[in-house]
1. Report those strands (runs of 3 or more DSSP E) wholly inside segment 131-174 carrying at least 3 residues which are in contact with a helix residue (DSSP H, G or I) (Cβ under 7 Å, 6 or more places away or on another chain).
2. Within segment 62-77, does at least one residue satisfy the condition of being outside any loop (DSSP other than H, G, I, E, B), modelled with pLDDT of 95 or more and away from ligand 1 (no atom under 13 Å from the Cβ)?
3. Could you look through segment 92-124, keep only residues that are assigned to a helix (DSSP H, G or I) and without any contact (Cβ under 8 Å) to a residue 60 or more places away in the chain, and pick out the one that is farthest from G41 (Cα to Cα)?
4. G159 fails exactly one of the following numbered conditions: (1) more than 16 Å from A78 (Cα to Cα); (2) in contact with a Lys or Arg (Cβ under 6 Å, 6 or more places away or on another chain). What is the number of that condition?
5. Among the residues of segment 45-90, which ones are closer than 19 Å to A141 by Cβ, within 16 Å of ligand 2 (Cβ to nearest atom) and touching a residue at least 40 places away in the same chain (Cβ under 8 Å)?
6. How many residues does segment 172-199 hold that are surrounded by fewer than 13 Cβ atoms within 10 Å (Cβ to Cβ) and either under 15 Å from G53 (Cβ atoms) or under 20 Å from the mean Cα position of the chain (by Cα) (or both)?
7. Mind telling me which of the residues A3, A45 ends up being modelled with pLDDT under 95, in a loop (DSSP other than H, G, I, E, B) and away from ligand 1 (no atom under 16 Å from the Cβ)?
Amino acid sequence: MRAPGAAEYVPTGADIADLRAAARACHGCDLYRHATQTVFGEGPASADVVMVGEQPGDHEDIDGHPFVGPAGRLLDRALAEAGIDRDRLYLTNVVKHFKFEERGKRRIHKQPGRTEIVACSPWFDAEIDAVRPQLVVCLGAVAAHAVLGPTFKITAERGETHTAERFSVIATVHPSAVLRAPDRTAAYADFVRDLRRVEAAIRGLRGNA
Ligand code: URA
Ligand code: SF4
């Protein structure tokens, strides 16, 4: 039987704490079967910026928190360099369970498919409804396609501000892509450059506060 998606698990009108609690029991797709736990978004419910990645990785799956592994450490460094305070962001992922393939003792990240992305989207929609951000920052193609549609091209439009109905959107690469890049120094510099544009946008919406 095909899993029906997360919608039936999402309490309507719930705040972030209630959503997080409910998401622990989500069986909206098959990913919960092999993952350790749901990794829900984190950060102040009053955040004016939501930053969204793809799915939790190996470390996140074990820890239960988003962006705590190698990609998270790179993100932390880049955020600090760009002058963005991680503690003021609501940080989440499009898909809330780790998808992987076992290779010996290692668990290798597998990109989530259309089925899982669609199945999990009610959680992200509910996070957006609860946080009501002014700016959404997409890290990587999965996040950018979820927010800006499937034709969005990161390479062509990274770092640019897009105006959606309820919030602005800036997309950049995923920190894992920086870690995998052949020229990591250049990829990191480009990533920080995009995040500086995010920082300028944040300053704009906070009225330089
Ligand atoms: N990659 C993501 O997209 N999210 C995480 O939380 C960790 C790695
Ligand atoms: Fe539910 Fe999303 Fe986990 Fe699938 S990945 S079980 S939809 S929380």
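The values are calculated or read from the model by the stated rules, or taken from the named source; none is laboratory data. This is a predicted model, so every value here is computed, not measured. No Cβ is skipped: glycine too gets one built from the backbone with ideal geometry, and neighbour counts run over all protein chains shown.
1. Hits in segment 131-174: 135-139, 168-172.
2. Yes, the conditions are met somewhere in segment 62-77.
3. R114
4. (1)
5. V52, G53, E54, Q55, P56, G57
6. Going through segment 172-199 one residue at a time, the tally reaches 1.
7. A3
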